[in-house]
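Undergrad: Sharing a structure with you now.
The values are calculated or read from the model by the stated rules, or taken from the named source; none is laboratory data. What you are looking at is a predicted structure, and each value in this text was computed from that prediction instead of being measured. Here the Cβ is made from the backbone with ideal geometry for all residues, glycine too, and neighbour counts use every protein chain on show. Side chains included, ligands, DNA and RNA excluded: accessible areas come from the protein's heavy atoms. Shrake-Rupley method; radii C 1.70, N 1.55, O 1.52, S 1.80 Å.
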Amino acid sequence: MRLSVWGVLLAIASLLGTGVAQAQVAAGPSLTTSASPGMAAAGTAVTITVAAAQALSAPPTVTVGGTCVASSAVSMAFQGFAPVYAGSYVVPGGTGDCAASISVSGTGTAGNALVDTTASIGVDRTPPGPTSATISGATLSASGWYTTSPSISLASTDATSGVAATYYQLVPHLASAPTSALPGAWTAYSTAFSPPDGDADLYAFSVDKAGNVESPVNLRELKVDTVAPRLTTTISQASAAAGANVTLLISSSDPLPAAPSATSYTGTYTVPAGTTDCPASVAVTGTDLAGNASTGGSASFGIARAMQTQKIDPALLQQMAANPGATLPVIVEMGHAATPFPAQPNVQLAQRAVGLLQQHGTPVAALPLIDAAAGWASATQIQAISLDPGVVFVHEDSTVTPRQAATTTTTTTTTTTATTTAAISATQLASAYPRAVRADSVWAQGGSGSGVTVAVLDSGIAPDADLTQPSNRILAAVNFADPLNPQSPDPGGHGTHVAGVIAGNGNRSAGQFIGIAPSANLVDVRVLDSNGNGRISSLIRGIDWVLAHSAQYHIRVINLSVGAPARLAYRADPLAAAVEIAWDRGLVVVTAAGNNGAAPGAIDRPGNDPYVVTVGATDDQGTAQVTDDTAATFSSQGTPTGSTLKPEVVAPGRRIVSIRVPGSALDTLNPTRVVTAANGSTYLRMSGTSASAAVVSGSVALLLERQPSLSPNQVKAILTGTTQTYGAGLTHGLIDAFASVTSPSRGFANQGLHPADAFSRTLYPILYGQPLISSDPRFQGIIWDSVIWDGIIWDGIIWDGIIWDGIIWDSLPWSTLGWDTTPWDNAAWNRPGWDSSAWGTLPPD
Ligand SMILES: [Ca+2]
Ligand SMILES: [Ca+2]
Ligand SMILES: [Ca+2]
């Protein structure tokens, strides 16, 4: 029985493994003790196993004790079929580590005492650590940021059982600390690691082999920013002149700003003085707080300090070169900004132009009609003006003169018995020209231009009885030529002569010398001074005034028996823009062709504009029948650059007798041309397309009296469609007032034409809300010759469909722009640069 038990024991011992087997094999104590685990933390239950080499009479006595734990007995229990006993020892709480000895004693069945003191339990109640971090491989900036990701190594020690593992976690800086060591987002540390960009606190802890857990420790704040800021520079303008302030806007894009800071900065660069152009580069550098150097940011703009010659009238450039010290008359036209369109009223643009002239020259007048201002500037000042990005063109403010040709022969007037009649009677008529255009036939039907007002932009209108009796038909007078020297109403005498051809009623001559529309009203818009000189800008101001007062005075016609040589195409002419604006606002503009014959470029401005009615002269030979009429040799004809064949119509213009202004310049210069009527009243005989234009203006007054609803394009179609042949089959369109008055509608003239550039520039933003953008830098990116104008936009449909009265200028603060009160009106025109008297330079008869 016992033998069999031992046999089993030996078999089990060999199966249990080396520990027991070694105890069996080893000589010495017949008790073999083991503890598991051999290293234990507080609270750990350690299993103590005692195997006896022989049967015991009772379970062995086991006592654990040591320097760090109190002596404690362990209850042992028999484990079954062999003399093996086991008990549990729980490591008590407390501090301190030690090797706790296990004392074992027992008694064999023979009464023999057995003892074993070889076993012990490692008590480890001290957590490992502190865990520490070592940082390498990166440079810390002064601000505490790493610009390259550092390498983090963790280390920890444990004196008793040794470190089993170390864990770490990166927590956003100043976020809550981890509340528990395990499990969670902790990462087991195995080898050095690199933290991602960010600002984080590094927490870590270690566990020893006995299971003691170190409290997580915030080892340090780790600030890592490895991304450089990306800079973008925006420049306020593509090019800048000397003295211009260029605004630089620099914005920064950085996924991880190293520290809270601005992301955009502005600065101003003032272009230094100089005369050369160059590209200017903008170099921009910066660093984030981590010390990362920026990338990007470079930009460039053009420094444009050389004269913008393409923005200056070639005629002005010639004068600037010929006489750099001269003060020259200019019209500075402003443009609308390209984009985004800021919707600047033309008054505002005109005031900006005035401001420019105040800075670089002397302003004389605002020209809000065409976004411009007129004034004086030297070559240097014109250059400076041209550099302003808001300026689209600097025009020469050319001299304007009358278009009357002085006769050189004397004649005596037909003297007949004159009787004064209230009605318009042709019975006493001494002049041939009203009969040549059949105005007398209109009169016979009761027509006389009543209720229609013609604005005469000229040298003034004297209050002659033929215009003021029996009622004053000069409804208003305004002076843009000589505001400081009002003198007499018409010191030149030209405007009154023209007015008489239009609307003289023969009151003084008892019906001998009657104009075309003897009941028409007049407004006197003086644009020529006593020497016969005016400015393009004066004409533009006059037209502007007429537009502002057309409703008040029922103005339907503008007569321009004045003009200037056309050196440029009408498209480049601000005066062309002005007359087109008037035309499209419902005013029939009648202009003299000029007295230059058939030479190239003979048609004066604004007669070179294709929209207006340009009038050439015939010689009626002093007879009513037209079969003997001839074309006047002085009358200009031709096709102006870019325009249509001119003139469209002709009218008598030689030896035209009209109102004389005694003592006026024309009267004094031409004493032999005074014509005396039968009743002793005196008139003056003059020649030129000035008179021809007046004949047509009077005819238009007759037409509009009869057919008041006609538009200018309809009037022009009727005028050109009802002309008569004259002379030896000449078909150059001699006006026929009677045929026009009685004509049915003949459609619309002027379809498919191109407006003047300044008109386009003025209107485009109004019509379309925003300007056309292209790559051409000349006019703020707008190419005015582009297809936009061709056939589509500006043809009859849209052009004639514009409700002009709804457009901007009717809402302009005219009263605050007061012509007579603006300070620049005080700058007299009488300055160096005027031509000498224009009266003496007229072509011979
Ligand atoms: Ca420990
Ligand atoms: Ca950064
Ligand atoms: Ca004749």
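Undergrad: List every residue pair whose Cβ atoms lie under 8 Å apart, where the two residues are 6 or more positions apart in sequence or sit on different chains, the first residue falls within region 561-588 and is free of Cβ contacts under 8 Å to residues at least 40 places away in the same chain and assigned to a loop (DSSP other than H, G, I, E, B), and the second residue, located anywhere, is among the charged types (D, E, K, R) and surrounded by fewer than 24 Cβ atoms within 10 Å (Cβ to Cβ).
TA: Matching pairs, first to second residue: none at all.
Undergrad: Among the candidates 133, 192, which residue alone is open to solvent by 40 Å² or more (accessible area, probe 1.4 Å) and away from ligand 3 (no atom under 16 Å from the Cβ)?
TA: 192
Undergrad: Is there any pair linking a residue in region 236-256 that is within 16 Å of ligand 1 (Cβ to nearest atom) to one that is at pLDDT below 80 and not hydrophobic (A, V, I, L, M, F, W, C), with Cβ under 9 Å and at least six apart or on different chains, and which?
TA: Pairs that qualify, where the first residue is within 16 Å of ligand 1 (Cβ to nearest atom) and the partner is at pLDDT below 80 and not hydrophobic (A, V, I, L, M, F, W, C): there are none.
Undergrad: Can you pull out the residues in region 547-560 that are open to solvent by less than 10 Å² (accessible area, probe 1.4 Å) and either in a helix (DSSP H, G or I) or aromatic (Phe, Trp, Tyr) (or both)?
TA: Selection gives 547 alone.
Undergrad: Exactly one of these conditions fails for residue 99: (1) under 28 Å from residue 169 (Cβ atoms); (2) within 16 Å of ligand 1 (Cβ to nearest atom); (3) aliphatic (A, V, I, L, M). Give me its number.
TA: (1)
Undergrad: Somewhere in region 602-621, is a residue surrounded by fewer than 17 Cβ atoms within 10 Å (Cβ to Cβ) and over 15 Å from residue 732 (Cα atoms)? Steps first, answer last, please.
TA: We begin by selecting, within region 602-621, every residue surrounded by fewer than 17 Cβ atoms within 10 Å (Cβ to Cβ); these are none.
No.
Undergrad: Let me ask something else about it. Out of the strands (runs of 3 or more DSSP E) lying entirely within region 44-107, which hold 3 or more residues that are surrounded by 15 or more Cβ atoms within 10 Å (Cβ to Cβ) and in contact with a strand residue (DSSP E or B) (Cβ under 6 Å, 6 or more places away or on another chain)? Steps first, please.
TA: Details: elements: 45-52, 61-65, 72-74, 76-78, 84-90, 98-107.
Counting at least 3 such residues, we get 45-52, 61-65, 84-90, 98-107.
Undergrad: Mind counting the residues in region 714-727 that are out of contact with any Asp or Glu (no Cβ under 9 Å at 6 or more places or on another chain) and within 15 Å of ligand 3 (Cβ to nearest atom)?
TA: Restricting attention to region 714-727, the residues satisfying the condition of being out of contact with any Asp or Glu (no Cβ under 9 Å at 6 or more places or on another chain) are 714-715, 717-718, 721, 725.
Next, from what is left, pick out any that are within 15 Å of ligand 3 (Cβ to nearest atom): 725.
Final tally of qualifying residues: 1.
Undergrad: List the number of the failed condition for residue 731; all other conditions in (1) of a type in the set (Val, Ile, Thr); (2) open to solvent by 10 Å² or more (accessible area, probe 1.4 Å); (3) modelled with pLDDT of 90 or more hold.
TA: So the condition that residue 731 fails would be (3).
Undergrad: How many residues, within region 164-188, are open to solvent by 50 Å² or more (accessible area, probe 1.4 Å) and more than 30 Å from residue 254 (Cβ to Cβ)?
TA: Counting residues in region 164-188 that are open to solvent by 50 Å² or more (accessible area, probe 1.4 Å) and more than 30 Å from residue 254 (Cβ to Cβ) gives 8.
Undergrad: Next question. For the structure I just gave you, tell me whether residue 265 is farther than 23 Å from residue 324 by Cβ and surrounded by fewer than 16 Cβ atoms within 10 Å (Cβ to Cβ). Even if it seems obvious, please write down each step before you answer.
TA: Values: farther than 23 Å from residue 324 by Cβ: yes; surrounded by fewer than 16 Cβ atoms within 10 Å (Cβ to Cβ): yes.
Against the criterion (farther than 23 Å from residue 324 by Cβ and surrounded by fewer than 16 Cβ atoms within 10 Å (Cβ to Cβ)), residue 265 qualifies.
Undergrad: Please find, among 234, 166, the residue that is in a strand (DSSP E or B) and at pLDDT 95 or above.
TA: On the way: 234 fails: at pLDDT 95 or above.
It is 166.
Undergrad: Would you check if there is a residue in region 663-678 being assigned to a strand (DSSP E or B), touching a residue at least 60 places away in the same chain (Cβ under 8 Å) and open to solvent by 10 Å² or more (accessible area, probe 1.4 Å)? Spell out the reasoning first.
TA: The initial filter retains those residues of region 663-678 that are assigned to a strand (DSSP E or B), namely 674-676.
Those left that are additionally touching a residue at least 60 places away in the same chain (Cβ under 8 Å): 675-676.
Those left that are additionally open to solvent by 10 Å² or more (accessible area, probe 1.4 Å): 676.
Yes, some residue in region 663-678 is assigned to a strand (DSSP E or B), touching a residue at least 60 places away in the same chain (Cβ under 8 Å) and open to solvent by 10 Å² or more (accessible area, probe 1.4 Å).
Undergrad: Output yes when any residue across region 699-706 is at pLDDT 95 or above, of a type outside the set (Phe, Trp, Tyr), closer than 28 Å to residue 460 by Cβ and within 16 Å of ligand 3 (Cβ to nearest atom), and no when none is.
TA: In the first step, residues of region 699-706 are kept if they are at pLDDT 95 or above; the result is 699-706.
From what is left, the residues that are of a type outside the set (Phe, Trp, Tyr) are 699-706.
Filter again for closer than 28 Å to residue 460 by Cβ, leaving 699-705.
From the residues that got through so far, the ones that are within 16 Å of ligand 3 (Cβ to nearest atom) too are none.
No, that holds for no residue.
Undergrad: Quick one: is residue 202 open to solvent by less than 60 Å² (accessible area, probe 1.4 Å), part of a strand (DSSP E or B) and within 22 Å of residue 143 (Cα to Cα)? It would help to see each step written out before you state the result.
TA: On the way: open to solvent by less than 60 Å² (accessible area, probe 1.4 Å): yes; part of a strand (DSSP E or B): yes; within 22 Å of residue 143 (Cα to Cα): yes.
Yes: the conditions hold for residue 202.
Undergrad: Further, regarding this structure: Regarding residue 233, is this residue more than 16 Å from ligand 2 (Cβ to nearest atom), open to solvent by less than 30 Å² (accessible area, probe 1.4 Å) and among the β-branched types (Val, Ile, Thr)? Before you say what the answer is, go through the steps one by one.
TA: Numbers: more than 16 Å from ligand 2 (Cβ to nearest atom): yes; open to solvent by less than 30 Å² (accessible area, probe 1.4 Å): yes; among the β-branched types (Val, Ile, Thr): yes.
It is true that residue 233 is more than 16 Å from ligand 2 (Cβ to nearest atom), open to solvent by less than 30 Å² (accessible area, probe 1.4 Å) and among the β-branched types (Val, Ile, Thr).
Undergrad: Okay, next question. Evaluate the following for residue 119: is it in a loop (DSSP other than H, G, I, E, B) and more than 19 Å from residue 212 (Cα to Cα)? Reasoning before the result, please.
TA: Numbers: in a loop (DSSP other than H, G, I, E, B): no; more than 19 Å from residue 212 (Cα to Cα): yes.
No: the conditions fail for residue 119.
Undergrad: Give 613, 626, 579 a once-over and let me know the one that is farther than 20 Å from residue 502 by Cβ and away from ligand 1 (no atom under 16 Å from the Cβ).
TA: Working: 613 fails: farther than 20 Å from residue 502 by Cβ; 579 fails: farther than 20 Å from residue 502 by Cβ.
Step by step, each of 613, 626, 579 is checked, and only 626 is farther than 20 Å from residue 502 by Cβ and away from ligand 1 (no atom under 16 Å from the Cβ).
Undergrad: Please go through (1) hydroxyl-bearing (Ser, Thr, Tyr); (2) open to solvent by less than 20 Å² (accessible area, probe 1.4 Å); (3) over 15 Å from residue 224 (Cβ atoms) for residue 126 and return the number of the only condition it doesn't satisfy.
TA: (2)
Undergrad: Would you confirm whether or not region 298-315 contains a residue that is under 30 Å from residue 137 (Cα atoms), in contact (Cβ under 8 Å) with a residue 40 or more places away in the chain and outside the structural domain of residue 176 (by TED's automatic domain parsing)? Explain how you work it out, then say what you get.
TA: Within region 298-315, the first condition is being under 30 Å from residue 137 (Cα atoms), and the residues that meet it are none.
Within region 298-315 (the criterion being under 30 Å from residue 137 (Cα atoms), in contact (Cβ under 8 Å) with a residue 40 or more places away in the chain and outside the structural domain of residue 176 (by TED's automatic domain parsing)), the answer is no, since none of the residues qualifies.
Undergrad: So residue 497 ticks every box in (1) within 20 Å of residue 373 (Cα to Cα); (2) open to solvent by less than 10 Å² (accessible area, probe 1.4 Å); (3) not hydroxyl-bearing (Ser, Thr, Tyr) but one. Which box is left unticked?
TA: (1)
Undergrad: Out of region 142-155, which residues are open to solvent by 30 Å² or more (accessible area, probe 1.4 Å) and in a loop (DSSP other than H, G, I, E, B)?
TA: Our first condition is that a residue be open to solvent by 30 Å² or more (accessible area, probe 1.4 Å); within region 142-155, this holds for 142-143, 147-149, 151, 153, 155.
Listed by number, the residues that qualify are 142, 143, 147, 148, 149.
Undergrad: Report, by residue number, each residue of region 205-231 that is under 36 Å from the mean Cα position of the chain (by Cα) and in a loop (DSSP other than H, G, I, E, B). Spell out the reasoning first.
TA: Just the residues of region 205-231 that are under 36 Å from the mean Cα position of the chain (by Cα), to begin with: 227-231.
Across region 205-231, the qualifying residues are 227, 228, 229.
Undergrad: Just to be sure, is residue 258 buried (at least 17 other Cβ atoms within 10 Å of the Cβ), of a type in the set (A, V, I, L, M, F, W, C) and more than 30 Å from residue 386 (Cα to Cα)?
TA: On the way: buried (at least 17 other Cβ atoms within 10 Å of the Cβ): yes; of a type in the set (A, V, I, L, M, F, W, C): yes; more than 30 Å from residue 386 (Cα to Cα): yes.
Yes; evaluated as a whole, the condition is true for this residue.
Undergrad: Another question about this same structure. Of all residues in region 623-662 being within 13 Å of ligand 3 (Cβ to nearest atom) and surrounded by fewer than 17 Cβ atoms within 10 Å (Cβ to Cβ), which is farthest from residue 723 (Cα to Cα)?
TA: 623
Undergrad: A further question on this structure: For region 712-732, which positions are small (Gly, Ala, Ser) and over 16 Å from residue 610 (Cα atoms)?
TA: At the first step, the residues of region 712-732 found to be small (Gly, Ala, Ser) are 717, 721, 727-729.
721, 727, 728, 729 - these are the residues of region 712-732 that are small (Gly, Ala, Ser) and over 16 Å from residue 610 (Cα atoms).
Undergrad: Let me ask another. Tell me the residue from 628, 609, 619 that is modelled with pLDDT of 90 or more, touching a strand residue (DSSP E or B) at 6+ places or on another chain (Cβ under 7 Å) and acidic (Asp, Glu), please. Step through it out loud before you land on a result.
TA: Working: 628 fails: touching a strand residue (DSSP E or B) at 6+ places or on another chain (Cβ under 7 Å); 609 fails: touching a strand residue (DSSP E or B) at 6+ places or on another chain (Cβ under 7 Å).
Exactly one of 628, 609, 619 is modelled with pLDDT of 90 or more, touching a strand residue (DSSP E or B) at 6+ places or on another chain (Cβ under 7 Å) and acidic (Asp, Glu), namely 619.
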